[in-house]
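Step one of this worksheet: look at the structure below.
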Amino acid sequence: MKRRIAVFVAVFLIVLGFVYGQKKPYSLGQRPGQNVSDDPRRIPMPEPDLSKAAVQVLRGATLIDGTGANPISNAVIVIRGNRIQEVGRLGQVTIPEGAALIPAEGKYILPGMIDLHTHITYPTNVLEFFTDTDITATLRAVDKIKYYSNHGITSLRDVGSRDDVPFRLKEAVRSGLVTGPRIFPAGKLITGTGGHGAEGGYLIVNGIVREANGADDFRKAVREQIKAGADCIKLASHYTLEEAAAAIDEAHQMGLRVTADSHTFYITWAVQAGIDGIDHPLPRDEETIRLMAEKGTCAVPTIVAYYHIFQERGGYWGTQSRRFYFDHAANMELLRRLKKAGIKTGIGTDVIMDYTTQLPKYYLMELRFFLEAGYTPMETIIAATRTGAEILGMADKLGTIEKGKLADLIVVEENPLEKIDAVVQPSLVMVDGKIVNKHGED
């Protein structure tokens, strides 16, 4: 009898995964070319009038545009307002009269880097989890985000922060009240009761985690984040296949993408349910990797976060959500397997506590791990730019330096194809057409 029940459950899960996996994408019904908000929520907006906007021209640098195309020497980039108006070689692009010229001879221009795994309000010590307020969390986040934009990271995906702070900060950056990178917040991390992030209760008290039970409650939790202003949704194990499928379906109805912090069979269930991405280098079998490739599920490995934990603590201790064995060598091997399978893979750091102040170091380490895993310098740059934008659902606006896209870019002194360190040592950083850091000033 037990054998029959086990077989029935296995068949049911396979069928359920197949059904959810066969759902067609929801259509938002927007007309082609319709102007929308500069985030994945795609809210219809009036066409901007850029006729009187200031014009800036970067001239003379070598352009590495993020598409994978060969670098362009003596490049000219014309920026009108917050948009890239023209891109090409010197002599092939008309420089508008009265434009503000930004000489860049001998330098290199790239799209702004993207960090796909951040927690901008995360407390700096254990006590702060219990004594924190929205005000202190906001002040801490304002201080943190400058380390990103100062070092060439022009977009962040925040995958779990306190209450509505990341949403308000996103708007503060957009309006110019605060200087920093674009922020694409997920709101609270959603997990089953006692799941990852809920143990001990301190992340719940701090407003970072939302526990949910059952498919309907998982849907409700997603709706709560979308109501607050979420640009994406993050799940964490544990959950059932039905719960994951409900959350993913709810987010997809609103055109938003979903990622998960999960492992082993939880990853398999999430992929079967149609999840868009899996964060972290946690264990999964070859069949799940094959399924990820088949369904177009992306990955954000965050190798550096676990390298730091292993180096500092000797292991990932004290949590039932990390009971499996893994180490840095296993994580690197997983990255190689993802590359071999053709999985779309982006850059994320998962830098928390007070380690944000050392951010250039950790972002650079993640880039170096990609190189070590067999990615070429160009592939690594693409992972940090174009692929990052694709994972965000923002490839039409960000990630490459092309006509019509938002003017998020960096200027560096050395060739990053020869020295990857250059990308976190910019001499100029531009976000939304505004220079937010010049000459590497902190």
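The values are calculated or read from the model by the stated rules, or taken from the named source; none is laboratory data. Keep in mind that this is a model prediction, so the values were computed, not measured. Cβ sites come from the backbone with ideal geometry, for glycine too, and all protein chains shown count toward neighbours.
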Identify all residues within the range 253-264 that are outside any strand (DSSP E or B) and touching a strand residue (DSSP E or B) at 6+ places or on another chain (Cβ under 7 Å); write none if there are none.
Leu256, Ser262
From the options Asp421, Asp396, residue that is over 23 Å from Leu335 (Cβ atoms), of a type in the set (D, E, K, R) and not in a strand (DSSP E or B):
Asp396
I'd like the full set of residues that are crowded, with 19+ Cβ neighbours inside 10 Å and farther than 13 Å from Tyr307 by Cβ, limited to the range 371-389.
Tyr375, Thr380, Ile381, Ile382, Ala383, Ala384, Thr385, Arg386, Thr387, Gly388, Ala389
Among (1) buried (at least 19 other Cβ atoms within 10 Å of the Cβ); (2) within 27 Å of Leu392 (Cα to Cα); (3) out of contact with any helix residue (DSSP H, G or I) (no Cβ under 9 Å at 6 or more places or on another chain), Ala61 falls short only on (2)
Hey, could you check the range 399-415 for residues that are within 21 Å of the chain's Cα centre (by Cα) and either in a strand (DSSP E or B) or not β-branched (Val, Ile, Thr) (or both) and say which is surrounded by the fewest Cβ atoms within 10 Å (Cβ to Cβ)?
Glu402
Among the numbered criteria (1) in a helix (DSSP H, G or I); (2) crowded, with 20+ Cβ neighbours inside 10 Å; (3) in contact (Cβ under 8 Å) with a residue 60 or more places away in the chain, which single criterion is violated by Glu250?
(3)
Before we move on, is Ala6 within 30 Å of Leu291 (Cα to Cα), more than 29 Å from the chain's Cα centre (by Cα) and at pLDDT below 95?
yes
Members of the range 177-205 that are modelled with pLDDT of 95 or more and either out of contact with any strand residue (DSSP E or B) (no Cβ under 6 Å at 6 or more places or on another chain) or aliphatic (A, V, I, L, M) (or both)
Leu177, Val178, Gly180, Ile183, Ala186, Gly187, Leu189, Ile190, Gly192
Of all the residues that make up the range 28-74, how many are among the β-branched types (Val, Ile, Thr), touching a residue at least 24 places away in the same chain (Cβ under 8 Å) and not in a loop (DSSP other than H, G, I, E, B)?
3
Number of the exception - Ala245 against (1) touching an Asp or Glu at 6+ places or on another chain (Cβ under 9 Å); (2) of a type outside the set (Phe, Trp, Tyr); (3) crowded, with 22+ Cβ neighbours inside 10 Å
(1)
Filtering the range 206-233 down to residues that are over 21 Å from Ile43 (Cα atoms) and either among the basic types (Lys, Arg) or at pLDDT 95 or above (or both) yields Arg210, Glu211, Ala212, Asn213, Gly214, Ala215, Asp216, Asp217, Phe218, Arg219, Lys220, Ala221
When only residues in the range 265-299 that are basic (Lys, Arg) and in a helix (DSSP H, G or I) count, which is nearest to Arg322 (Cα to Cα)?
Arg290
Taking the range 31-48, which residues are surrounded by fewer than 13 Cβ atoms within 10 Å (Cβ to Cβ), under 25 Å from the mean Cα position of the chain (by Cα) and either at pLDDT below 90 or among the acidic types (Asp, Glu) (or both)?
Gly33, Gln34
Is it the case that Gly348 is surrounded by fewer than 19 Cβ atoms within 10 Å (Cβ to Cβ) and either among the hydrophobic types (A, V, I, L, M, F, W, C) or not in a helix (DSSP H, G or I) (or both)?
no
Filter the range 301-316 for residues that are within 20 Å of Gly277 (Cβ to Cβ) and in contact with a helix residue (DSSP H, G or I) (Cβ under 7 Å, 6 or more places away or on another chain); which is surrounded by the most Cβ atoms within 10 Å (Cβ to Cβ)?
Pro301
Options Thr154, Thr136, Thr118; residue that is among the hydroxyl-bearing types (Ser, Thr, Tyr), touching a strand residue (DSSP E or B) at 6+ places or on another chain (Cβ under 8 Å) and within 16 Å of Ile208 (Cβ to Cβ)
Thr118
Matching entry among Lys397, Lys403 (being of a type in the set (Lys, Arg), under 27 Å from Asp276 (Cβ atoms) and in contact (Cβ under 8 Å) with a residue 24 or more places away in the chain):
Lys397
When you go through Ile77, Ile109, Ile114 one by one, which is the residue that is touching a residue at least 40 places away in the same chain (Cβ under 8 Å), outside any loop (DSSP other than H, G, I, E, B) and under 30 Å from Ile233 (Cα atoms)?
Ile114
One residue from Gly187, Gly207 being crowded, with 23+ Cβ neighbours inside 10 Å, within 23 Å of the chain's Cα centre (by Cα), touching a residue at least 24 places away in the same chain (Cβ under 8 Å) and assigned to a loop (DSSP other than H, G, I, E, B):
Gly187
Can you name every residue in the range 317-330 that is of a type outside the set (Asp, Glu) and either surrounded by fewer than 18 Cβ atoms within 10 Å (Cβ to Cβ) or within 19 Å of the chain's Cα centre (by Cα) (or both)?
Trp317, Gly318, Thr319, Gln320, Arg322, Arg323, Phe324, Tyr325, His328, Ala329, Ala330
